[in-house]
Amino acid sequence: MSDPMPVLMPALPAPLGLAGLAVLLALLSGLGALPAGRWPWLLRGFSLPLLGLAGLVALGAGLGALGTGQAETATLPLGLPWLPWQLRLDALSGWFLLIIGLVTAAVGLYGPAYVRSLERGQGSLATLGVCSGLFVAGMLLVVLAADAFLFMIAWELMSLSSYFLVAFQHEQAASRRAAFLYLLMAHIGGLAILLGFGVLSAFGGGFAFTAMGGADLSPTWATIAFGLAFVGFGMKAGLVPLHAWLPESHPAAPSHISALMSAVMLKVAVYGFVRVVFDLIGTPHWPWGVVLIIIGGGAAVLGALYALVQTDLKRLLAYSSVENLGVIFLGLGLALLFLSADLPVLGALALVAALYHALNHALFKGLLFLGTGAILHSTHERDLEQMGGLLRRMPWTGLFFLIGVLSIAGLPPFNGFASEWLLFQAALQSWQLESGVLRSLVPIAAAALALTAALVAVTFVKVFGIAFLGQARSRHVRRARRAPLGMRAALGLLAVLCIAFGVLPSVVLGLLDQVTLLLLGVRLPQATAHGWLWLTPVSPDTASYSAPLVVLLLLGIAGLTLVLFKSLLNPPGARQRQRRCDPWDCGFAAPTPAMQASAGGFVQPLRRVFAPTFMLTELLLIRDDGSHRWLVRVADRAWGWLYLPVVRLLEQVARRVVRLQSGNVRVYLGWTLATLVVLLWIIT
Amino acid sequence: MNMAELSLLQQSVVLLAALVLFLSFVLLAQARLVSAIHAFAWQGALIAAVTAVVALIQGAHHLYVSALLTLVLKALLIPWMLHRLVRRLALERHRETIARPALVASGAVALVIFSWWLVLPIIADKLGFTRNIIAVSLAVVLIGLLMMVSRAQAVAQVLGFMSMENGLFLAAVSATGGMPLVVELGVAFDVLVAMVLFGVFFLQISDSIDSLDVDRLNRLREADAAADPGVGGVADPDDGGATETGARDPNRTLGADVTVPASRSAGEARP
Amino acid sequence: MSSSLTLLGWLLALLQALLYLALAPLLVGWVRLVKARLQGRRGPSPLQPYRDLRKLFNKDTRVAHTASPLFIIAPYLVLVATWLAAATVPLLALELPTAVIADLIVLAGLLALGRVFLALAGMDVGTAFGGFGASREMLVSALAEPAMLMAAFTLAMTAHSTNLSSVMATHLAEGLVVRPSYLFAFAALVLVAIAETGRLPVDNPATHLELTMTHEAMLLEYSGRHLALMEWAAQLKLLLYAVLIANVFVPWGIATTLTLGALLLALVAILTKLVLLGAALGLAETLFAKLRLFRVPNLLNLALLLGLLGLLSHVILEVGA
């Protein structure tokens, strides 16, 4: 591929410098929001635009790193005396900087108009601004860190600042509970990651990634390190069955922060996993791939099913994130499987598909969360059951949202399809595997992926159909205002990117070449063998897809159809008229909004087909006046299977431990003394 | 192995074996007893066809006899006896409610993969094109057992048992070109006797507890005969066994769901 | 691949696409005729669908007050997506450029694109029937799509390619090989086709105004040329599936070289196959009654199971250790 990057690059400063600038800008944006409690305009006039600028700079740094393919390192005069912080920007970091940068830039464009409505609320604007800045800075630093110490500090910075963002509306009990759960999960995950780094550094003899990468691990210890990384990063990424915190916490934050969390922070977890497993641990074993494929496939199907039955738009999107992260991890599992079977090119294909999907998910999930924010801004409503007919009130938001819907549903020629297509192609190469059992397992995983894609299509037909089409189901939705210009611009930006990355997959593959070259030492030789127009991941005979030509033909055929019908089929004299009339609806009574399918009713057939998956409570209430209400509550099974037993266990332990707390200061001092003695004994 | 290198007859053996496996799945999922018996008959006929084709390929004349024997016994006689039994017990319109059908079907798929994994190291090259069929026959045996586990209806359990026997027979034909004729005759006789015994037992069971739901055999314990409606997640506690016509089928139409007059709780609420 | 990207190739691809459009109503007319004869009626001429389309194109178009612009765009999009999907399925010749720009998975994606807009159009006016229809259509598609892709994977694993023309070419080169996986994939694809094109026993194409309708419920608010476009798209979809099944499983006759004789032979061959398939469909629709909506998932689960068994029998029986 001949991309314009090398031509542009000499004019720009070194990518790592740019990345550092982005971190500084994000920190400055947080700092600038400190007095926002007194002067609210600071947040929208200074802090958020600066955040957007940080995003743009990070984007530039990422593109630079991907373009040159050179890794740059720097050592900061910070940190512990014997362990200065090290930064490193290579192609993998560059790819994730690109993801962070794109969405952050859109959020910076979107935020000012959105936070205006928060100015009248009870939440502290200073907290919002400061934590947003720290949050983005933390994410950027995670991607740039080149030693475990800085990585963990940045990771905790990201987790803690996002905790305050989740707790932004802390006057609501549900918000507080979600935030607490989030903090708890983030720390259990952080602990697992820390232990994983501990294993690696024990064998590698240092906390720097370069030392860890050289560690010579026995298969057992490698598997332990893999397991710890999987649990730690998987928990952050919301993999089933550790996902239950995610749909609680992401929707609790303000919408632009939800977008950042769902679209970007989950990708940072993917980054951490790829960095540790593909870069640091090195040689993979096939059971890892199988575990990832099974868990990823399960997460994809279950996430899609739970997203299907939600009626709260933000919760629905959060569950859909669980689904997409499952798809990404499935791709990573395929990559591990192929690598362990010594098929590096196919491994590269699966890895490329997973990373491509990470970018795509960031774009369309960012778009959908921001679009939901726009709806929330205009109607103060996030319950689908109250919406309807928004397309006529908010045409631009509706159009951009539709593009997001088509992208996430994996329809050609949008971006979600391109990455899923690559994933299918990778899965279909499983016939090259040695083991027959794996050969039959992988296509079944692909079938799970197909089921997921179909369920997602249903989910988002429901979302768009209920929210934007039909008639308004409540008064405040009927009076929805247009979204402000800044919001629409941000949505439009993301929508255009969704189309662009869908139509030009070969450009993306060209960018990702450097990543696979870095991690696996190979590139996809055939991917763009026939020029940018054609995508031929394995070989031209195996499969080819030309998104530009599909678009061209779609448009061409549409034009042809129009011409055909306008000229040929109409007799010259006949004049076609199009008149407006009342809806027919089979001639029954004039349809009212209440007669439309509801969000719950739309998916009722599928809910019934997949009933064993959910904890369903269905109640028919009959009031005294004879009116009926049908109540459906869907709860997550993960609560009953995993979380509640753990909570009960913790409570029991806590009840035992509480006996220590007698209230007597001297008893506490006694414990302190005993601990001190024991510790000293251990150390010597 | 490349399919295209095999002769047409050998290809058809593979095809027939695959169909035998398919019929095992049909048996597993078929809720109507009569249709399940038909599926079993077809499975027997296919086994007979496999035997006949193998006989043709290998020129083994005694296999023609076993093919004929299988056809008469498995495809005609036993299904006819079962059919008669079902009619005498007035179970023609019986539909069993299969608990968790998706889980059972995925279990069966897992068993297929598992049996292949088991067979992989032990199959010898000299078996030629039939070696992979052994995996299929093992899967048929295991699925038959799974059917006996997942079904509560005694006749369905017998079908599971008989299809296990089908699997064993397929393995014998495909691996060694059939057992000696004496053994085969003995087995066939055993199966026939077993069938007769089953029939007698069913009539007795049906007479004494008015049902063929094996979960209800627990109630032969004297103490809680009236209280225990059966265990094992079978969703048909008051199955009369005789007149089940699908009226109690949980699949109602869309409209009917909205007018359920009482509360229906399918699990506990979230805390 | 590049050999097919010639001007002649593109011209033939265009011809083939137009042929799809032209033949689609005829297949529906033929199926209706067969059904009528089997049921002891005389039935309309097989050309009747053309007359219906022409009539609809000449009628006034009515659009509900509550409809959004999507309602007016949707018919065009649905037809165009279906048409493009059809154009990628080799009808007369292999190795046409349209078969290269999109493979089996893109084909499924294009059909899904059309379906999504169809469902959205059904929900747009905000009537009770439209929502019902869209909900049911999505139910059927959610279960049918995995089955279809399983069948497609089975074919692709045999041919080591997801390109339809490669799949057919592999089959042609092998000659007649009895593959159990093909049999299962065939059965699965037939079931999927029946469900996706809304034929009996999943949906009754002959009724309006029935509480159980699926496809028609989404089209209730359409009239005039919009309705014509939607109907044409549905006919095109039926033809697409018929050609897919006919040419993948019985590819003989399709032109492998772009000569006039070969193309004419291919035309005769595909017409023969379609006549037979249409007659079979008419016979099946006469024999079977419509299933209740909540029985349809069982049918589609059967299709999924068949796809799965096709895959497993390919891996276990045909490739082996």
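Among what's in the stretch A:459-471 and is surrounded by 24 or more Cβ atoms within 10 Å (Cβ to Cβ) and not in a helix (DSSP H, G or I), pick the residue that is farthest from the chain's Cα centre (by Cα).
Ranking the candidates gives A:Gly470 first.
Answer yes or no as to whether A:Tyr306 is under 25 Å from A:Pro612 (Cα atoms) and among the aromatic types (Phe, Trp, Tyr).
In short, yes.
For the stretch C:276-293, enumerate the residues that are within 12 Å of chain B (Cβ to nearest Cβ) and touching a helix residue (DSSP H, G or I) at 6+ places or on another chain (Cβ under 7 Å).
Residues satisfying the conditions are C:Leu291, C:Leu293.
Taking the stretch B:75-124, which residues are modelled with pLDDT under 85, within 14 Å of chain A (Cβ to nearest Cβ), under 16 Å from the mean Cα position of the chain (by Cα) and surrounded by 19 or more Cβ atoms within 10 Å (Cβ to Cβ)?
B:Ile98
Which of (1) assigned to a helix (DSSP H, G or I); (2) touching a Ser or Thr at 6+ places or on another chain (Cβ under 9 Å) does C:Glu231 not meet, given it meets every other one?
For C:Glu231, the exception is condition (2).
Taking C:Ala128, is it within 7 Å of chain A (Cβ to nearest Cβ), free of Cβ contacts under 8 Å to residues at least 40 places away in the same chain, small (Gly, Ala, Ser) and farther than 23 Å from A:Phe610 by Cβ?
Answer is yes for this residue.
On the basis of being crowded, with 20+ Cβ neighbours inside 10 Å and more than 24 Å from C:Met218 (Cβ to Cβ), does A:Leu455 make the cut?
Considered against the rule, which asks whether it is crowded, with 20+ Cβ neighbours inside 10 Å and more than 24 Å from C:Met218 (Cβ to Cβ), A:Leu455 comes out as no.
Among the residues of the stretch C:145-159, is there at least one that is facing chain A (nearest Cβ under 7 Å), under 23 Å from C:Ala246 (Cα atoms), in contact with a helix residue (DSSP H, G or I) (Cβ under 6 Å, 6 or more places away or on another chain) and among the polar types (S, T, N, Q)?
For the stretch C:145-159, residues facing chain A (nearest Cβ under 7 Å), under 23 Å from C:Ala246 (Cα atoms), in contact with a helix residue (DSSP H, G or I) (Cβ under 6 Å, 6 or more places away or on another chain) and among the polar types (S, T, N, Q): absent.
Six or more apart or on different chains, Cβ atoms under 9 Å: show the pairs whose first residue is in the stretch B:176-203 and without any contact (Cβ under 8 Å) to a residue 60 or more places away in the chain and whose second is outside any helix (DSSP H, G or I).
B:Val187/B:Met179
Please verify whether A:Ala590 is closer than 30 Å to C:Leu227 by Cα, within 39 Å of the chain's Cα centre (by Cα), of a type outside the set (S, T, N, Q) and within 11 Å of chain C (Cβ to nearest Cβ), treating the condition exactly as stated.
no
Inside the stretch C:44-80, can you point out the residues that are in contact with a Leu (Cβ under 7 Å, 6 or more places away or on another chain), more than 7 Å from every other protein chain (Cβ to nearest Cβ) and either buried (at least 22 other Cβ atoms within 10 Å of the Cβ) or among the small types (Gly, Ala, Ser) (or both)?
C:Ala74, C:Pro75, C:Val78
Would you check if there is a residue in the stretch C:24-37 being more than 22 Å from C:Ala234 (Cβ to Cβ) and out of contact with any strand residue (DSSP E or B) (no Cβ under 8 Å at 6 or more places or on another chain)?
Checked the stretch C:24-37: at least one residue is more than 22 Å from C:Ala234 (Cβ to Cβ) and out of contact with any strand residue (DSSP E or B) (no Cβ under 8 Å at 6 or more places or on another chain).
Kindly provide the set of residues from the stretch C:245-285 that are in contact with a Leu (Cβ under 7 Å, 6 or more places away or on another chain), of a type in the set (A, V, I, L, M) and part of a loop (DSSP other than H, G, I, E, B), ordered by number.
C:Ile254, C:Leu258, listed by residue number.
State whether the residues of the stretch C:296-318 include one that is buried (at least 22 other Cβ atoms within 10 Å of the Cβ), more than 14 Å from chain B (Cβ to nearest Cβ) and of a type in the set (A, V, I, L, M).
For the stretch C:296-318, residues buried (at least 22 other Cβ atoms within 10 Å of the Cβ), more than 14 Å from chain B (Cβ to nearest Cβ) and of a type in the set (A, V, I, L, M): absent.
To keep it simple, each residue is scored yes or no on (1) away from chain B (no Cβ under 14 Å); (2) surrounded by 24 or more Cβ atoms within 10 Å (Cβ to Cβ); (3) not acidic (Asp, Glu).
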position: C:Arg179; (1), (2), (3): no, yes, yes
position: C:Val192; (1), (2), (3): yes, yes, yes
position: C:Gly198; (1), (2), (3): yes, no, yes
position: C:Met213; (1), (2), (3): no, no, yes
position: C:Ala228; (1), (2), (3): yes, yes, yes
position: C:Ala234; (1), (2), (3): yes, no, yes
position: C:Val250; (1), (2), (3): yes, no, yes
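Report the residue count in the stretch C:94-119 for those that are more than 8 Å from chain A (Cβ to nearest Cβ), closer than 11 Å to C:Asn163 by Cα and of a type in the set (A, V, I, L, M, F, W, C).
The total comes to 4.
Being more than 14 Å from chain C (Cβ to nearest Cβ) and over 42 Å from the mean Cα position of the chain (by Cα) narrows it down to one residue among A:Val677, A:Val646, A:Val632; which is it? Don't jump to the end; show me each part of the working.
On the way: A:Val646 fails: over 42 Å from the mean Cα position of the chain (by Cα); A:Val632 fails: over 42 Å from the mean Cα position of the chain (by Cα).
Among A:Val677, A:Val646, A:Val632, only A:Val677 is more than 14 Å from chain C (Cβ to nearest Cβ) and over 42 Å from the mean Cα position of the chain (by Cα).
For A:Val456, are the conditions met, namely being under 21 Å from the mean Cα position of the chain (by Cα), within 9 Å of chain C (Cβ to nearest Cβ), at pLDDT 90 or above and assigned to a helix (DSSP H, G or I)?
Values: under 21 Å from the mean Cα position of the chain (by Cα): yes; within 9 Å of chain C (Cβ to nearest Cβ): no; at pLDDT 90 or above: yes; assigned to a helix (DSSP H, G or I): yes.
No; evaluated as a whole, the condition is false for this residue.
The values are calculated or read from the model by the stated rules, or taken from the named source; none is laboratory data. Just so we're clear, the structure is a prediction, and the values are computed from it rather than from any experiment. Every residue, glycine among them, receives a Cβ derived from its backbone with ideal geometry; neighbour counts consider all protein chains shown.
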